[in-house]
Amino acid sequence: MEAWIFAVCFLFVGYTYAGYPLLLWTLGCLKRRKDEPGEEPSCLPVVTVVVAAHNEEANIGARIENILQCDYPRDRLGIVVACDGCTDRTASIARGYEGVLVLDLPRRGKAGALNEGVRVASGEVLVFTDARQRFAPDALRQLVRRLYYPGIGAVGGELVLIDHEGAPQVMGAYWAYEKLVRKLEAIVASPLQCSGAIYAIRREHFVPMPGGLVLDDMWVPLHVVWKGYRIAFEPLAKAYDVVTPSYHREFKRKVRTLAGNYQLIWMAPWLLVPGLNPLWWQFISHKVFRLLVPYALLGMYAASWAMVDKPYGAALAVAQTAYYLLGAVAWMVPSLARRFRLAGLAGSFLSLNAAAAVAPLAFVRNRGQVRWERSPMLSPQKPGEDNRKVRTY
């Protein structure tokens, strides 16, 4: 019996992290679909970049300047800064830029701020981003270009992570894996979400978000798919952000994001219903199963110890214990994670699944209202300069 429990749990974990991407790759090879661009309009559409910000006085000026420096006609570009209960100088700094519309809102959460930003936006194309990232000069043009492909209703860009000084080198490993899965999903049908750092939709496809929602970058694209359109991934549209500098901060971010998955299901239960959700199989395999992996790992671990009187049972128990202890040591000694890749990967794996185990408690404790927080400032230097370690994931 214990062997069966171990086997079932092992297959579940294996499918979630390896089998699902492999199946996507296989389907993508069989499908061999190549999107063809549609007819572009005689002039570029009006684009409004919507930035939700909470106490971002250290970032907002450089963020606005970066958007204004994009290679997009200035008379076709608008910026809305939705200040979500800011108690610092974010709003006053943003108002110092000509043509930037600033909303000074009471604290209501990112979703509420974005809803208000969209309400006053004048562009037929909406681009969503945060205050800390930076766009490549041609990012807006690349997003708009891809929106004119037939059947496309939303486009996600490429997020490039920049090493933070002192960050373990594998901190971006999970993001590299995640982006690979999204690219494969885009080939087969549509990715489930876009990077919140850079994505665009046609204005008519926007569905207002419920108050307190965390995962706008899933809500908005999934509703575009629900309306019968596809989400595209455009690697030429690049945004830059920093690697999470510590396992502790990475853990907090993942708890918030994974609790946001529970919140999304609570607010949009149709996502779990085959037929109603066009991406049901992808959603279950990519999002729901990852929430359940910690319990499968616990089942594997318990089954291994139950078989400890057998040679293979003892070996399995020792191997799992050693790997989890290595991950814990990597948490406590970051220099070990920076020096040894296996230790870094163990630390990231432990962080991810510990966050998945804690996420439902965080969701219930906060009654579904998962707060968004500021993130570390990204240096206002131009992306890709030689004094940075830039890695495209």
Quick check: is even one residue across region 261-276 touching a Ser or Thr at 6+ places or on another chain (Cβ under 9 Å) and among the aliphatic types (A, V, I, L, M)?
no
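Conditions (1) touching a residue at least 12 places away in the same chain (Cβ under 8 Å); (2) open to solvent by less than 30 Å² (accessible area, probe 1.4 Å), marked per residue:
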position: Leu236; (1), (2): yes, no
position: Trp281; (1), (2): no, no
position: Ile284; (1), (2): yes, yes
position: Met300; (1), (2): yes, yes
What residue, of Thr87, Thr129, Thr26, is open to solvent by 60 Å² or more (accessible area, probe 1.4 Å) and either among the β-branched types (Val, Ile, Thr) or modelled with pLDDT of 95 or more (or both)?
Thr87
Sort out which residues of region 203-220 are outside any loop (DSSP other than H, G, I, E, B), in contact with a Gly (Cβ under 7 Å, 6 or more places away or on another chain) and within 15 Å of Gly117 (Cβ to Cβ), and write them in order of number.
Arg203, Asp216, Asp217
Scan region 166-181 and report the pairs whose first residue is more than 10 Å from Leu345 (Cβ to Cβ) and charged (D, E, K, R) and whose second residue is modelled with pLDDT under 60 and open to solvent by 30 Å² or more (accessible area, probe 1.4 Å), with Cβ atoms within less than 9 Å and a gap of 6+ or a chain change.
Glu178/Tyr393; Lys179/Tyr393
Output for region 194-217, where each listed residue is open to solvent by 20 Å² or more (accessible area, probe 1.4 Å) and at pLDDT below 90
Gly211
Take the residues in region 52-97 that are more than 25 Å from the chain's Cα centre (by Cα) and part of a helix (DSSP H, G or I), then tell me which one is nearest to Gly112 (Cα to Cα).
Ala91
Given the residues Leu352, Leu336, Leu342, Leu298, which is the only one that is part of a helix (DSSP H, G or I), on the phi < 0 side of the Ramachandran plot and at pLDDT 90 or above?
Leu298
Just to be sure I understand the filter: pairs with C-beta atoms under 6 Å, separated by 6 or more residues or on different chains, first member in region 343-364 and free of Cβ contacts under 8 Å to residues at least 60 places away in the same chain, second member of a type outside the set (Lys, Arg) and surrounded by 19 or more Cβ atoms within 10 Å (Cβ to Cβ). Which pairs pass?
Ala343/Leu326; Ala343/Ala330; Ala343/Ala337; Ala346/Leu326; Ala346/Gly327; Ala346/Ala330; Leu350/Gly327
Scan region 262-279 residue by residue and report those that are buried (at least 18 other Cβ atoms within 10 Å of the Cβ), free of Cβ contacts under 8 Å to residues at least 60 places away in the same chain and in a helix (DSSP H, G or I).
Leu264, Leu271
Residues to consider are Val118, Val155, Val144; find the one that is part of a helix (DSSP H, G or I), more than 22 Å from Ala62 (Cβ to Cβ) and either touching a helix residue (DSSP H, G or I) at 6+ places or on another chain (Cβ under 8 Å) or hydroxyl-bearing (Ser, Thr, Tyr) (or both).
Val118
Any chance region 251-260 includes a residue that's more than 14 Å from the chain's Cα centre (by Cα) and buried (at least 18 other Cβ atoms within 10 Å of the Cβ)?
yes
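The values are calculated or read from the model by the stated rules, or taken from the named source; none is laboratory data. This is a predicted model, so every value here is computed, not measured. Cβ: placed from backbone, ideal geometry, glycine included. Neighbour counts: every protein chain shown. When the accessible area is computed, the model is the full protein with side chains, heavy atoms only, and any ligands, DNA or RNA have been set aside. Shrake-Rupley method; radii C 1.70, N 1.55, O 1.52, S 1.80 Å.
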